[in-house]
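The values are calculated or read from the model by the stated rules, or taken from the named source; none is laboratory data. Quick caveat, the model's predicted, so the values are computed rather than measured. All Cβ positions, even for glycine, are placed from backbone atoms using ideal geometry, and neighbour counts span all protein chains on display. Remember, those area values only see protein heavy atoms, side chains included, never the ligands or the DNA or RNA. Shrake-Rupley method; radii C 1.70, N 1.55, O 1.52, S 1.80 Å.
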Amino acid sequence: MASTVGVIFSSLNEENVPELTKARTVGSIPYGGRYRLVDFALSNMVNSGITTVGMITKNNYQSLMDHLGSGKYWDLARKEGGLILLPPYSGETETFYKNRLEALKGATAFLKKAKEDFVVLADSDAVYKLDYSKVIEYHVQKNADITLVYHEHEVKKTHYYMTFDTDNEGKITGLEINPATSGVKKNYVNVMVARTSFLLRLIQNAIQHGYTSFGKDILSPGIKTLNLYGYKLEGYYANIDSLASYFKANIDLLNKEIRGQLFGDRDVYTKVNDSAPAKFADTAKVKNSLIADGCLIEGTVENSILFRGVKIGKGTVVKNCILMTDDIVGENCNIAYVVSDKGSVIRDNRVLAGCEMQPYFINKGTLI
């Protein structure tokens, strides 16, 4: 593994899921009963031998700091390198960055100090497993200036996205931002590899020319002037760009094959909480669900994911739901396709229902 430093954007694209980012960053969105979204990008880096990671923050990052701590759960509590939180300012100003390029401008001091030859840039709004060391090897083999990781799936036309075409050698020959066409495309997953020195030159050039968009001002013109290559991400990939996609990505974990792809051969690290085991009463019925530690189940739970400390009362039926930490559902309730944020309470005899494409969402700490 060539010497590599990592940079993770913890807050980009938070406008895509406003329901879940009112009081937290994208990276600290809970997932799968015990994880946060940032765990995947961070674990991918650690498993790839990257031991210096800069985490670019923005606003509402208290929950992210509580989750990451010193980085010890990812073996990043080190005297040299380790996990480093980077300020949310664009360059020398005291204003928050507005986009990826401004965030990188604010990280130039960190990158200049880095001794590593290569840098991996990754967002934290996706669920996937990737060995970044293989991307680095591919990058060196192709003598690329920038290598962009892509996944082949149906194009979504909901938010900003980028697709591209490659030749037989993997070189990017065409790049489109928010293309009008649909179908299965090579979708950029916001994971990029470059030499650290090359990226710093790009950022400096962007500052001098007043560029505002990494995609439109650097990557798109770079088709003709740079060696841009694409690296294919195999296996499962889920981009959290809406409440519906968040719901689907969680429910996907009930599929054994998908769980195997994400957690089979390499660990996904997260903050450890010592909780008592889940308790199931005589009246409990649980089918095809993930139940975290500390839960108390007295009713029926099917096709659902319950985070730590969730309580389900007697006579209650929970189907196709995602209930986050310390949620309480009273007795004789019937809820389906509900996404409930942390610490919410649903009183007795309530009936709530959404659908797969538009789950019923309950804000954090709500009493219904």
Relative contact order, percent, segment 126-181 [alpha-carbon distance under 8 Å, six or more residues apart]: 21 percent
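In Å, the Kirkwood hydrodynamic radius of segment 1-80 over pairs of distinct alpha carbons?
On the way: mean 1/r = 0.0760 Å⁻¹.
One over the average 1/r among Cα pairs gives 13.2 Å for segment 1-80.
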Accessible area of segment 74-206 divided out per residue, in Å², using a probe of 1.4 angstrom: 49 Å²
Extension gain, residue 209 back to residue 224 (0.36 nm per residue minus Cα-Cα distance, nm): 3.6 nm
For peptides 133-141, 172-180, 274-282, sequence by mean Cβ density within 10 Å, most packed first: 133-141, 172-180, 274-282
Accessible area per residue, Å², segment 254-342 with all protein chains present, probe 1.4 Å: 48 Å²
Number of Lys pairs (Cα under 15 Å; 8 or more positions apart or on different chains) in segment 182-266: 4
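Pop the C-beta distance of residue 65 and residue 22 into the FRET formula with R0 = 25 Å and round what comes out to the nearest 0.05. Mind dumping the intermediate values first?
Numbers: r = 17 Å, r/R0 = 0.69.
Computed FRET efficiency for residue 65 and residue 22: 0.90.
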Of all accessible heavy-atom area on the chain, the percent that carbon and sulfur account for (1.4 Å): 46 percent
Helix axis angle, 196-209 relative to the chain longest principal axis, alpha carbon, degrees: 80 degrees
Pairwise centroid distance, computed over Cα atoms, of segment 305-368 with segment 1-59, Å: 27 Å
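Rounded to the nearest 5, what % of the DSSP beta bridges within the chain are antiparallel ones? Could the numbers behind the result be given before it?
On the way: 26 of 76 bridges.
Taking every DSSP beta bridge within the chain, about 35 percent pair in antiparallel fashion.
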The chain - convex hull of alpha carbons, volume per residue in Å³: 133 Å³
Karplus (6.51, -1.76, 1.60) ³J(HN,Hα), θ = phi - 60°, over segment 291-296, in Hz, Gly and Pro reported as x: 10, 7, 4, x, 7, 10
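Reported to two decimal places, what Rg/Rh ratio describes segment 106-177 when computed on Cα atoms with Rh from the Kirkwood expression?
Rounded to two decimals, Rg over Rh is 0.98.
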Relative contact order (percent, whole number), the chain, Cα cutoff 8 Å, 6+ residue spacing: 15 percent
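Compare 302, 80, 356 by solvent-accessible area with a 1.4 Å probe and give them largest first, with all protein chains kept in place.
Listed by decreasing accessible area, they come as 80, 356, 302.
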